[in-house]
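Each remark here refers to the structure printed beneath this line.
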Amino acid sequence: MIRRPPRSTLSSSSAASDVYKRQTYLVPFEMAVTSATVSPGAVMCSYNAVNGEPMCTNSQLIAGKLRQEFGFDGLVATDCGALEDAWEHHHRYKRPVDAAAAAIHAGVDSNCGSVLPSSLGWAIGNGSLSEADLDVTVARLLAARFKLGLFDEQDLPQFEIGEVDTERHRDLALDAARQGVVLLQNNVLGAKAKLPLSKTKYKTVGMLGPNANASMNLLSGYHGSPPFLVSPLAGMSHKWGSANVKYSLGCNVSINQTPPEEVQAEIDRAVQVSKEVDVIVLGLGLCGDNYGGGPPGEDSTCYKIDESEGIDRPSLALPGAQLRLFRAVQALEKPLVVFVMNAGPVDLTEIRDSKVPIVAVGYGGEFGGQATADVLAGDYNPGGATTVTWYPDQITGLVSFREMSLRSNRSNPGRTYRFLDENKLAPIWRFGHGLSYTVFGLEFEDPINSTVDMNSTVEWKVRVRNTGTMAGGVVVVCYVAAVDQAVVRDPPFRSVFDFERVEGLDPQTNTTLRFPLTPRGRSLVDEQGVRVTPPGVYSVWCQAGAIASTSKISIIVK
């Protein structure tokens, strides 16, 4: 079993059956092209290979699926250097000219790199491409430029510097950072603290940990240069007053070969600060900026990047000495709150089991620290939900990095909310998990027909009630599961067919959401890789994070 990441996607190939592709991997592209309000103008092909064929020369997937089946008529552009990889690293082609011809035949239009510019003339000369082949590509390139208005007589619009970083832009950035926060755990019986933090009860705050004073790490990968960055420390200092907030690093995100005595000394300093304050806020997590290299370009705690393009994690555990820091602070038995800065799942089992409140803040951008402080102080009620399943680190020893099937089998428990067998491996938090400072209720509004025609769309009306005392938002996700049908073996345990976020629902008020369940939404993939809508019995239900759920309704599809 390959339990570590492949050395490089520039040379790795994934074995994916038609079932896996149709069931999971093609779905985002199909939905973007066929279901989006505005069809994308371009799609990028990636570095990796599928079933031995590099993606940017993959005629089956680009020409066959993307263009012919999904009807995509826009541009396909390569990731930078991907065509070079087709012959240099994948060794699928002997020469650049061969890779160039294969890319054009596959439906590629634009190359970030040198293969197409340097090889198209040779390909026409040796007969592997014709001018007619290039006419198709040129037509798509010109059509894109016409759509962009590059051939219009009037001048292209000019944007002034005053139209950058406006008040509207800042409001949007703060709102996005707030909405991305997920309350993972709170108000557990026996915990010494609960959120939101009371300024009356807690006069002084200790901000500890490698992400407590995060700055550049707020931006994650491929970012621009914001006009400012609000760290969590700055956000909390603004609310409690700088004199009432004490800071200690505690440890780096990763040890980075720091001498053990220095690591322990830093933890000891954090423990001392903890003894001097009323409540401790511990900022843990990962480093997600793909620029790397340490200061001044990065936070001083981020010499090693944990998650970004080109970096896979062989472990889901918190890196470095972060758990040691948590244990040392927790041993004081003082009120303690943890927030984590991350994108992919992290094994927080030990921290969860300690009962402390936990908040996932992601990489919140320029206002990430303010959004974190707003949630901790109760100035914003978190309503986000997890977008992935959070697994224990145990899964890294059960599932190979090269395993493309998500279904469970004898050797592994499966992956994703659709296929994880929780009898074999319980997740730390499920996909769609999230809590709130208020209380919500969900219920189906109208009587539901128990029998549905195979080709019919059914609209489900769901009433969302805020029965608590604080205004708040919540993400409502609706699922369908095949309970009894005779066509598809081992269907998903559940599949999302629609979702919507409610924001700012006042206490003791309600709103009604509408969720259409189409034949496509309840479809399954058979063993030949064909999407089908078999008759049978299906369950439908909706959930508001971990807060509320409708009853499960059974429908019979005929």
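The values are calculated or read from the model by the stated rules, or taken from the named source; none is laboratory data. What you see is a predicted model, and the numbers here were worked out from it, not measured in a lab. Positions of Cβ are backbone-derived with ideal geometry, glycine not excepted, and every protein chain shown enters the neighbour counts. Areas reflect the complete protein model, heavy atoms only, side chains present, ligands, DNA and RNA absent. Shrake-Rupley method; radii C 1.70, N 1.55, O 1.52, S 1.80 Å.
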Exercise for the section: Report the antiparallel proportion of the DSSP beta bridges in the chain as a percent, rounded to a multiple of 5. Expected result: 65 percent
Exercise for the section: Just name one of V33, N111, P357: the one whose Cα is farthest towards the positive end of the charge dipole of the chain (beta-carbon charges, Lys/Arg +1, Asp/Glu -1). Expected result: P357
Problem - Given charges at beta-carbon only (K, R positive; D, E negative), |dipole| of segment 224-355 in Debye - result: 460 debye
Handout entry: Burial order of peptide ranges 267-276, 501-510 (average beta-carbon count within 10 Å, highest first)
Key = 267-276, 501-510
Practice task
Using only the Cα atoms of segment 203-268, each taken as one equal point scatterer with no solvent, compute I(q) by the Debye sum, divide by I(0), and report log10 of the ratio at q = 0.28 Å⁻¹.
Solution key: -1.12
Practice task
Might you report the magnitude of the Cβ-based charge dipole of the chain about its Cα centre, with Lys and Arg at +1 and Asp and Glu at -1, to the nearest 20 debye?
Solution key: 1960 debye
Handout entry: Apportionment of accessible area to carbon and sulfur, segment 134-226, percent (1.4 Å)
Key = 56 percent
Practice task
Within segment 470-500, find all residues whose amide N lies under 15 Å from a label point positioned 7 Å from the Cα of R520 along Cα-to-beta-carbon.
Solution key: 496-499
Completion exercise
D (µm²/s, integer) via Stokes-Einstein for segment 246-386, Kirkwood Rh across alpha-carbon pairs, 37 °C, 0.692 mPa s: value 206 µm²/s
Problem - Per residue value of the accessible surface for the chain (all protein chains in place, 1.4 Å probe), Å² - result: 47 Å²
Problem - FRET efficiency estimate (nearest 0.05) - Cβ-Cβ, R410 to V164, R0 60 angstrom - result: 0.60
Completion exercise
Residue span T512 to E445: 0.36 nm per residue of separation minus Cα-Cα distance leaves a gain in nm of 23.3 nm
Practice task
Could you list the square roots of 5 times each eigenvalue of the Cα gyration tensor of segment 456-558, that is, the equivalent ellipsoid semi-axes, sorted largest first and rounded to whole Å?
Solution key: 31, 12, 11
Practice task
Treat segment 1-157 as a sphere of radius equal to its Kirkwood radius over Cα pairs and apply Stokes-Einstein at 25 °C in a medium of 0.890 mPa s; give the translational diffusion coefficient in µm²/s, rounded to a whole number.
Solution key: 148 µm²/s
Handout entry: For segment 76-198, diffusion coefficient by Stokes-Einstein and Kirkwood Rh (Cα), 20 °C, 1.002 mPa s, µm²/s
Key = 109 µm²/s
Exercise for the section: Could you point to the residue in A377, W390, V462 farthest towards the positive end of segment 361-470's charge dipole, with +1 and -1 charges on the Cβ of Lys/Arg and Asp/Glu respectively? Expected result: W390
Exercise for the section: Heavy atoms only, probe 1.4 Å: what % of the accessible area of segment 8-87 goes to carbon and sulfur, would you let me know? Expected result: 59 percent
Handout entry: Highest average packing first - 254-260, 312-318, Cβ atoms within 10 Å
Key = 312-318, 254-260
Handout entry: Charge dipole of the chain about the Cα centre (unit charges at C-beta), most positive-ward option of A86, N217, V329
Key = V329
Problem - segment 399-550 - charge dipole about Cα centre, Lys and Arg +1 at Cβ, Asp and Glu -1, debye rounded to 20 - result: 480 debye
Practice task
Enter the angle in degrees (range 0 to 90, nearest 10) between the Cα long axis of helix 260-275 and the first principal axis of the Cα atoms of the chain, meaning the one along which they spread out most.
Solution key: 50 degrees
Practice task
Provide Rg over Rh for segment 44-102; use the alpha carbon set for both Rg and the Kirkwood Rh (inverse mean inverse pair distance).
Solution key: 0.97
Fill in the blank from the handout: Most packed first (mean Cβ within 10 Å per residue), the peptides 428-438, 522-532, 209-219, 71-81 order as 209-219, 428-438, 71-81, 522-532
Problem - FRET efficiency estimate (nearest 0.05) - Cβ-Cβ, V136 to N455, R0 35 angstrom - result: 0.45
Problem - Share of carbon and sulfur in the accessible heavy-atom surface of segment 498-558 [1.4 Å probe, %] - result: 52 percent
